[in-house]
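The values are calculated or read from the model by the stated rules, or taken from the named source; none is laboratory data. Since this is a predicted model, take the numbers as computed values, not measurements. Please note: Cβ atoms are built from the backbone with ideal geometry, for glycine as well, and neighbour counts cover all protein chains shown. Note: areas computed on protein heavy atoms with side chains; ligands, DNA, RNA excluded. Shrake-Rupley method; radii C 1.70, N 1.55, O 1.52, S 1.80 Å.
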There are 2 protein chains.
Amino acid sequence: MEEIEIIHSIRKFNRNYVRSIGLLEKTFLNTGYSLTESHILYIVKEQGKTTATDINKVLNLDEGYLSRIIKKLISNSILTKEKSEDDKRVFKISLTERGIKEQQKLDELSSVSVAGIISHLSLPEQEELAHSFNNIMRLLYGE
Amino acid sequence: MEEIEIIHSIRKFNRNYVRSIGLLEKTFLNTGYSLTESHILYIVKEQGKTTATDINKVLNLDEGYLSRIIKKLISNSILTKEKSEDDKRVFKISLTERGIKEQQKLDELSSVSVAGIISHLSLPEQEELAHSFNNIMRLLYGE
DNA sequence: ATAAATACTTGATATAGGCAAGTAAATTTT
DNA sequence: AAAATTTACTTGCCTATATCAAGTATTTAT
């Protein structure tokens, strides 16, 4: 296979996939959260008590933008922050009770959405699909 | 493989890929065009003389939004429109000379960007990658 | 002839995202 | 140990992206 074909395959995928799966829409699965917000909540769930900086090691957002999103999520009682003991520049961020529930709801909705997208496939086909996605992850990000 | 693992694989990919490849950024590859604008130009190149409706069969944007983007691209001399003969509600849209050049530039930049992303891989790995992307395209969209 | 559907436009508004400057605390340099 | 630099986060200001609803003109269906 020539490089031009390889690039062509990837670009074709890029054009189609992101849009078809709704990742460009302003609100994520009509939840009232943006894709970025839902990613932040996912990361806070994963990392437990964390910091804006640590969140941004994953997301690489504009710092000011991230700060504002966190502020908003705090004012909506989804997140809380407390000043760190050892480094007074830092705020420890975590999910509130309500935040945990909301995150789980988003998680569930996301899974249902993906389930819908692959529902027309047989189980072997779904497995093949997962295998291809895993393959890409491994090749691009080494995991 | 269980369904939950399959869904997990896909969601993991979704979380990582879109962001890593820069498809969420406001301007596409620092070109001054948005991702959506560059998709529109790509489609007009592919379809030749076409219409807003036909573009939107691919992109599914808000009609008003698409109308405005086209308007902007026309005022920047990237696109032109002329009233259709047979259906007077319809405008035929096409690339101007300048539009053709701009589209080619975007095309080239996009390819270079993808080339960069896969540059750390060996050719066999790149082929495997392309194969995985093709596989996903086939399974999800039947091509 | 009337109603309904299609193709496109416009107004108003929300939200996402980007850039730059600024504060405060920690770390490094000299 | 004072000065300079870096790090963590915030705020102001702005633009672009996207959404929703209503409106016009033309075509198709009843």
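As an exercise: evaluate B:Ser113 against (1) under 19 Å from B:Val18 (Cα atoms); (2) polar (S, T, N, Q); (3) more than 20 Å from the chain's Cα centre (by Cα) and give the number of the one condition it does not meet. The number of the failed condition is (3). Of the residues B:Glu85, B:Glu97, B:Glu37, the single one that is buried (at least 19 other Cβ atoms within 10 Å of the Cβ) and more than 9 Å from DNA strand C (Cβ to nearest atom) is B:Glu37. Considered as a group, the residues in the range A:44-97 that are assigned to a loop (DSSP other than H, G, I, E, B) and free of Cβ contacts under 8 Å to residues at least 12 places away in the same chain include one that is nearest to DNA strand D (Cβ to nearest atom), and that residue is A:Arg89.
Yes or no: B:Ser9 within 11 Å of chain A (Cβ to nearest Cβ) and among the polar types (S, T, N, Q)? So B:Ser9 fits the description; yes. When A:Gly32 is tested against (1) farther than 30 Å from A:Leu129 by Cβ; (2) outside any strand (DSSP E or B); (3) within 14 Å of DNA strand C (Cβ to nearest atom), only condition (1) is not met.
Residue count for the range A:42-53 under the criterion of being buried (at least 16 other Cβ atoms within 10 Å of the Cβ) and within 12 Å of chain B (Cβ to nearest Cβ): the result is 2.
Going by what's in this entry, would A:Ser132 be described as farther than 17 Å from A:Thr51 by Cα, outside any helix (DSSP H, G or I), open to solvent by less than 90 Å² (accessible area, probe 1.4 Å) and polar (S, T, N, Q)? Let's see the steps before the verdict.
On the way: farther than 17 Å from A:Thr51 by Cα: yes; outside any helix (DSSP H, G or I): no; open to solvent by less than 90 Å² (accessible area, probe 1.4 Å): yes; polar (S, T, N, Q): yes.
No.
If you go through the range A:5-34 and keep only what is open to solvent by 60 Å² or more (accessible area, probe 1.4 Å), of a type outside the set (D, E, K, R) and modelled with pLDDT of 95 or more, you end up with just A:His8.
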